[in-house]
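*Asks:* Take this structure, written in structure tokens, and hold onto it; I'll ask about it next.
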Amino acid sequence: MSVVVDLKPDWARIIFQDTANEARARVADYHYFWLRHNCLCLSGCRHPSTKERIIDAAAVPLEIRPLRAALADDSDGTPAVSFFWAPIATKDDAGNLVVHDEYEHVSTFPVQWLRDNAYGANRTHTHELPPHDAELVTIDYAAYLQEHADSKNGLRLNSTGSVLYKAALHDRISKYGVAVIRNRGNDTEDIILDFIDADAEVISTHFGRIEHLRTDNTENVNNDQLGYTNSAVRLHTDQCYASTVPGFQFLHCIRPADAGGENYFVHAESAANYLKTEVSRRAYELLTTVPVRFDRKQSKFHALHVSPILRLSDKVDPATNERRLAQVRYSYFTQAAQTNVPFSELREWYEAQQVWDKLLYRDDFQLKAGLHAGDVVIYDNYRVLHARNGFTGPRHMAGVYLSAADLWRHLGRAKKESLELDSGAPSILEA
């Protein structure tokens, strides 16, 4: 029986090639920790004479991944799959942890054994990793200017260029929840009109109409918060303590830091779906049901809101018969002491939050973007987490909150107009 092995980030997919018995598993998924725990070898995992398991489940890291995999033959010549692992510590007969003297550990499974033990057979509801290539979300405003500059003012787009540029923004934001705009310019007020109509208004908060994020801030009241320091700010959504959260924010880079200060983002909606289907449904359920107190306490401001980290919609999705994720509220620096779960369940909730947090900080979950002067990044505050690294030097970002309804009205109109343009419209739309 021939197979194809596909190593996913957190599990292996085995595709069984024979079709003689369609009732059997045709595709099966196996967690890597499960494969390592169920190793059949007689050199540390099974007893040489009784063949009973001697490796403890606790010795296998849940984050373990194989170095590689290969098709093989078992000792009796039957088709098999081998997984190659870095050594792990196991307990000796005295209960002490030891690392076996081996370059790598090999677990070889007969194909038939894998099929007989296919606990993840024929899965159809899987979820891919969140987008993590910054090029997918990047738009170069200068390229649009080069092709579509206004004849009277070469620093502005003509009507066609404006439509194409905003249609591209619509596509990036609707698909990925974030867009990075290079070379946009220095006028924050002008940039606002990229996203909303002239008669619409930005959302003012207790930080002001435009929030100037810099260490020597004097424009904003209530500047006693992490954003006005040079410290790293971990992944979060903004205004979690508000009953009504702004739908979007953009950051306009006025001056980059001398060193550090890079921004990074995670498509939290995709991360939550990945958590549910690929990692821990129980963790997902806890994060969608257990209320959290988001408490913003500053010298001149106080606000409190209680909500689960992952808020589900009221309506059921007919395609999955489940409620879809409606909003992510995640802010470690305004998360108050957790008092909403019984003593016996608090550890379980913390474990769920830690599983979630570890996912978010994986490199293959993050979009990373260093911003230069004149660059802009805009993101959906309901489904994208944002963060920055610590920095040195006088970094200055202007932050502006926008209504989701205003933004989609404005960009949606541009998208419609772009579709009405001649089919010979410049290919810069895909730039």
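*Asks:* Would you be so kind as to identify which of 394, 306, 50 lies farthest towards the positive end of the dipole of the chain, taking Lys and Arg as +1 and Asp and Glu as -1 on Cβ and the Cα centre as origin?
*Replies:* 306
*Asks:* In a Gaussian network model over the chain where Cα atoms closer than 10 Å are linked, find which of 98, 306, 328 has the largest mean-square fluctuation.
*Replies:* 98
*Asks:* Does region 144-282 come out rounded, prolate or oblate, given a ≥ b ≥ c as the square roots of the eigenvalues of its C-alpha gyration tensor, rounded meaning a/c under 1.5 and, failing that, prolate meaning a/b above b/c?
*Replies:* Because a/c hits 1.5 or more and a/b fails to exceed b/c, region 144-282 counts as oblate.
*Asks:* In the chain, with Lys and Arg counted as +1 and Asp and Glu as -1 at Cβ, which of these residues, 130, 77, 385, has the Cα nearest the positive end of the dipole, that is, farthest along it?
*Replies:* About the Cα centre, the residue reaching furthest to the positive side is 385.
*Asks:* Name the most mobile residue of 285, 322, 269, meaning the one with the largest mean-square fluctuation, in a Gaussian network model of the chain with Cα contacts below 10 Å.
*Replies:* So, out of 285, 322, 269, the one fluctuating most is 322.
*Asks:* Dipole of the chain (Lys/Arg Cβ +1, Asp/Glu Cβ -1, origin at the Cα centre): which of 263, 332, 355 lies farthest to the positive side?
*Replies:* Of 263, 332, 355, it is 332.
*Asks:* Can I ask one more? Taking amide H positions as placed in the peptide plane 1.01 Å from N, state which residues far from residue 248 in sequence (5 or more) or on other chains have amide H under 5 Å from it.
*Replies:* 381, 402, 404
*Asks:* Any chance you could give the angle, 0 to 90 degrees and rounded to 10, that helix 404-420 forms with the longest Cα principal axis of the chain?
*Replies:* The angle comes out at about 90 degrees.
*Asks:* Skipping prolines and chain starts, which residues have an amide H placed within reach, meaning under 5 Å, of the one on residue 326, given they are 5 or more residues away or on another chain?
*Replies:* 311, 312, 313
*Asks:* Another question about this same structure. Return the whole-Å distance between the Cα centroid of region 104-146 and the Cα centroid of region 168-221.
*Replies:* 33 Å
*Asks:* Can you give the angle from 0 to 90° between the axis of helix 159-176 and the longest principal axis of the chain, with both taken from C-alpha atoms, to the nearest 10?
*Replies:* 30 degrees
*Asks:* Here is a further query. Where the centre of each part is set by its Cα atoms, how far does region 38-94 sit from region 377-421, in angstrom?
*Replies:* 49 Å
*Asks:* Something else about it: Taking amide H positions as placed in the peptide plane 1.01 Å from N, state which residues far from residue 27 in sequence (5 or more) or on other chains have amide H under 5 Å from it.
*Replies:* Those qualifying (amide H under 5 Å, at least 5 residues apart or on another chain) are 16, 122.
*Asks:* So, one more: Between 268, 179, 404, find the one with the highest GNM mean-square fluctuation for the chain; connect C-alpha pairs within less than 10 Å.
*Replies:* Its mean-square fluctuation being the largest, the pick is 404.
*Asks:* Let me ask you something else. Nearest 10 degrees is fine. How inclined is helix 343-360 to the longest principal axis of the chain, computing both from alpha carbons?
*Replies:* 70 degrees
*Asks:* Across the chain, how many lysine pairs, 8 or more apart or on two chains, come within less than 29 Å at their alpha-carbon atoms?
*Replies:* Final tally of qualifying lysine pairs is 27.
*Asks:* Suppose a student asked you for the relative contact order of region 126-431, using Cα pairs under 8 Å spaced at least 6 residues apart; what percent would you report?
*Replies:* Answer for region 126-431 is 35 percent.
*Asks:* Would you compute, from DSSP H runs of 4+ residues alone, the mean residue ellipticity of the chain at 222 nm, taking -39500 (n - 2.57) per run and dividing by the full residue count, rounded to the nearest 500?
*Replies:* Value at 222 nm, helices only, nearest 500: -6500 deg cm²/dmol.
*Asks:* Taking θ as phi - 60°, what are the ³J(HN,Hα) couplings along region 200-212 by the Karplus curve (6.51, -1.76, 1.60), each to the nearest whole Hz, with x for Gly and Pro?
*Replies:* Calculated HN-Hα couplings, in order: 8, 9, 6, 8, 7, 10, 5, 8, x, 6, 10, 9, 9 Hz.
*Asks:* Let me ask you something else. With +1 on each Lys and Arg Cβ and -1 on each Asp and Glu Cβ, how big is the dipole of the chain about its Cα centre, in debye rounded to the nearest 20?
*Replies:* The calculation lands at about 820 debye.
*Asks:* In region 76-121, which chymotrypsin sites (Phe, Trp or Tyr not before Pro) are in a loop and have at most 14 other Cβ atoms within 10 Å, using DSSP for the loop call?
*Replies:* Hits after loop and neighbour filter: 103, 119.
Every number in this text was worked out from the coordinates using simple rules, so none of it is lab data. This is a predicted model, so every value here is computed, not measured. Using ideal geometry, Cβ is built from the backbone for each residue, glycine included, and neighbour counts are taken over all protein chains shown.
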